[in-house]
Amino acid sequence: MSVHTQTSKVTTSVIRNMKANGEKIAVLTCYDYTLARIVDQAGIDILLVGDSASNVVCGNQTTLPITTDEMIFLTKGVVRAAEHALVAVDMPFGSYQTSEEEALRNAVKIMKESGADAVKIEGGEEILPIIRHIIQAGIPVCGHLGLTPQSVNQFGGYGLRAKDTTEAEKLLRDAQLLDAAGCFAIVLEKIPAALAERVTAAVSAAVIGIGAGDKTDGQVLVLHDMLGLNAGFKPKFLRLFAQLKDNVHNAVTDYITAVKDGTFPNENEKY
Ligand code: KIV
């Protein structure tokens, strides 16, 4: 049965209204047309073309190598599939940090060439002028605080963020600044649940958590992780809603056996 609650296209105002009405927001990453169609038709609110594509699609160790053109290529397929969901796309590492002008040029390029509805940008106060510049140009921005994977080399790993009071207070202030700048949503990644709850209450932007507890306005997971396609990855926050790796593996081994023993194709499978 479909869980489609909205028939029309999700916009940033729909997301803001969902927060105001206490309606939880469901977000998943997606990187291709075929899966995006299934996820969209199931009723997801936001499809995020995350730069986690660098890991999931391209096999890189970090999100750093993926380029703007590669993100645009992937996003085009997702946009073609999304009849209902809002499509947000990550601005990749290096595409916005250098200057306000460069950031806006790349945000415009992403919006023009991919057809996405919004961009997502990692960081707080340090990149506030950049975020303001992009929003002033009419491009909706989703912020991203806490564990921001593009800064993995600065953090020295993918551990829990904002455990101490100083970092927690900075994160809360950053969220308020992003909210005041006009971000329609803010992703909070891998931070204590109590802090995520405080942030959610303090801002009008919709707060979407990943590893940030149950009190945020919504949740996001990496699609391939929650489908159980990424066997070795089992952080505490991840629930496996399927175990597709075994299904895919078994289907492929059955196919290989059938080809090799000559039982595929059979009489009904040829012209
Ligand atoms: O790139 C990504 O997939 C993300 C989500 C984890 C929020 O940023």
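The residue that is nearest to the ligand (Cβ to nearest atom), among those in segment 56-78 that are charged (D, E, K, R) and within 11 Å of PRO92 (Cβ to Cβ), is GLU70.
Restricting attention to segment 74-91, report how many residues are in contact with a His (Cβ under 9 Å, 6 or more places away or on another chain) and among the charged types (D, E, K, R).
So the first thing to find is which residues in segment 74-91 are in contact with a His (Cβ under 9 Å, 6 or more places away or on another chain), and the list is 84, 90.
Checking the rest, the ones that are also among the charged types (D, E, K, R) come to 90.
Of the residues in that region, 1 qualify.
Scanning segment 27-40 for residues that are more than 13 Å from the ligand (Cβ to nearest atom) and either out of contact with any helix residue (DSSP H, G or I) (no Cβ under 9 Å at 6 or more places or on another chain) or part of a loop (DSSP other than H, G, I, E, B) (or both) gives a single hit, ASP32. All of LEU64, LEU35, LEU48 fail the test of being over 19 Å from GLN219 (Cβ atoms), of a type outside the set (D, E, K, R), touching a residue at least 12 places away in the same chain (Cβ under 8 Å) and open to solvent by 10 Å² or more (accessible area, probe 1.4 Å), apart from LEU64. For segment 117-141, residues that are open to solvent by less than 10 Å² (accessible area, probe 1.4 Å) and within 21 Å of ALA82 (Cβ to Cβ) total 5.
Restricting segment 226-258 to residues that are in contact with a strand residue (DSSP E or B) (Cβ under 9 Å, 6 or more places away or on another chain) and within 27 Å of LEU172 (Cα to Cα), the residue that is least open to solvent (accessible area, probe 1.4 Å) is LEU238. Tallying residues that are open to solvent by 20 Å² or more (accessible area, probe 1.4 Å) and either outside any loop (DSSP other than H, G, I, E, B) or closer than 21 Å to LEU227 by Cα (or both) within segment 12-26 yields 9. Residue count for segment 51-61 satisfying the condition of being open to solvent by 20 Å² or more (accessible area, probe 1.4 Å) and part of a helix (DSSP H, G or I): 2.
For segment 95-116, a tally of residues being away from the ligand (no atom under 15 Å from the Cβ), assigned to a loop (DSSP other than H, G, I, E, B) and either open to solvent by less than 10 Å² (accessible area, probe 1.4 Å) or out of contact with any strand residue (DSSP E or B) (no Cβ under 8 Å at 6 or more places or on another chain) (or both) returns 3. When segment 205-225 is filtered for residues that are open to solvent by less than 20 Å² (accessible area, probe 1.4 Å), small (Gly, Ala, Ser) and more than 10 Å from the ligand (Cβ to nearest atom), the ones remaining, listed by number, are ALA205, ALA206, ALA212, GLY218. Only residues that are within 15 Å of the ligand (Cβ to nearest atom) and farther than 29 Å from ILE139 by Cα were counted in segment 160-193, giving 1. Here the condition is being under 27 Å from TYR31 (Cα atoms) and either in contact (Cβ under 8 Å) with a residue 24 or more places away in the chain or open to solvent by less than 10 Å² (accessible area, probe 1.4 Å) (or both); of ALA181, ALA162, ALA185, ALA202, it holds for ALA185 alone.
Close contacts from segment 116-130, counting a first residue that is closer than 13 Å to ASN106 by Cβ and β-branched (Val, Ile, Thr) and a second that is within 13 Å of the ligand (Cβ to nearest atom) and assigned to a loop (DSSP other than H, G, I, E, B), with Cβ to Cβ under 7 Å and a gap of 6+ residues or different chains, come to VAL119/MET91; ILE121/MET91.
The values are calculated or read from the model by the stated rules, or taken from the named source; none is laboratory data. All values reported here derive from a predicted model rather than from experimental measurement. Neighbour counts are summed over all protein chains in view; Cβ atoms, including those assigned to glycine, are modelled from backbone coordinates with ideal geometry. We work out accessible area using only protein heavy atoms, side chains counted, and drop any ligands, DNA or RNA first. Shrake-Rupley method; radii C 1.70, N 1.55, O 1.52, S 1.80 Å.
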